[in-house]
Each structure stands twice: as C-alpha cells, then as structure tokens.
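To keep things clear, I will list the structure first and then write my remarks on it.
The values are calculated or read from the model by the stated rules, or taken from the named source; none is laboratory data. Everything numeric in this text was worked out from a predicted model, so none of it was measured. With ideal geometry, Cβ positions are generated from the backbone for all residues, glycine too; neighbour counts draw on all protein chains shown.
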Amino acid sequence: MHVDVFSAEKVQITASLVLSNPNNFKVTIRQSDLDLYVNGVKVATATIKKRIELPENTEMVHDLIIDSSLENVGGGVLSSLFSVISRGVIKIGIKGSVKASAFNMTEWVPVDIEEDVKVDVGDFFNF
C-alpha cells in the first residue's frame, strides 16, 4: 500500500492487491462500497477510481487507486496527521466490498485490508 495524498481534506491510496479470477471468463470490478480507516478510526467512505478487468483463469497484482474526501470527519484525521509527523507511520485500513460483474451477473466481494504504511512527511507537507 502506498499513500499518494494525505491531508486534512483528502486521502488517496494506491493498494497493490493480488486478485484472482478462477473463472473461464473475464470479470470486471467497477463499483465499490468501502470505508477508509486511519489508525483504527473510520475517517471516510472511499471509492475505486478506475475500473479493473481480471482476465479469465488468472491471478495478478492490480493497483487499486482509492480516493476519499475527508470533509467533516473531525479529530480522527488530525490525530492521524500528528502520528505521521511524530512517527512517519500510519495504519491504513480499507473495509467493505467491491462489485464484480461478468455477463449479466454481479456479486459483491468482501474487502478487508489493514497495513502499517510508512510515509515521508516531506511529501505531504512540502518540507
């Protein structure tokens, strides 16, 4: 997982995930119903920015770009910003589900990821 943007207004994360499609047909992921957690505190809902296509019978690493607005979330983000400044590490969690579809069938697939992410404070605060 890599934090691309982390500010009081927005978080953008790139999560490299191993996605498996054991089917004999292509599966597409277009929608998501995800919650973003920072240091164990739910800070926002998140969406996948671009569609993902999984070829048939494959297991591949895909980058999911997850974008989230942090308006009106209060102290959780501020304490997380302090954690970044003081330790350079934040715990990012993404929980919820993504909608996978093939032909006219859809299924919501659960997502539950949590990882400590090291961040360079200068990248976010322009030091």
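Observations on the structure shown:
- Given (1) touching a strand residue (DSSP E or B) at 6+ places or on another chain (Cβ under 8 Å); (2) surrounded by fewer than 19 Cβ atoms within 10 Å (Cβ to Cβ); (3) at pLDDT 75 or above, index of the condition Ile66 fails: (2)
- All positions within segment 30-48 that are touching a Leu at 6+ places or on another chain (Cβ under 8 Å) and more than 17 Å from Asp116 (Cα to Cα): Ala44, Thr45, Ala46, Thr47, Ile48
- Residue selection: Val27 fails the criterion of being touching a residue at least 24 places away in the same chain (Cβ under 8 Å), within 16 Å of Val117 (Cβ to Cβ) and β-branched (Val, Ile, Thr).
- Flag if Val38 is closer than 26 Å to Val89 by Cα and of a type outside the set (Ser, Thr, Tyr): yes
- Of all residues in segment 35-43, one or more are loosely packed, with under 15 Cβ neighbours inside 10 Å, among the basic types (Lys, Arg), within 20 Å of Val5 (Cβ to Cβ) and modelled with pLDDT of 80 or more.
- Qualifying residue in segment 78-96 (condition: modelled with pLDDT of 75 or more and either in contact with a Phe, Trp or Tyr (Cβ under 6 Å, 6 or more places away or on another chain) or surrounded by fewer than 12 Cβ atoms within 10 Å (Cβ to Cβ) (or both)): yes
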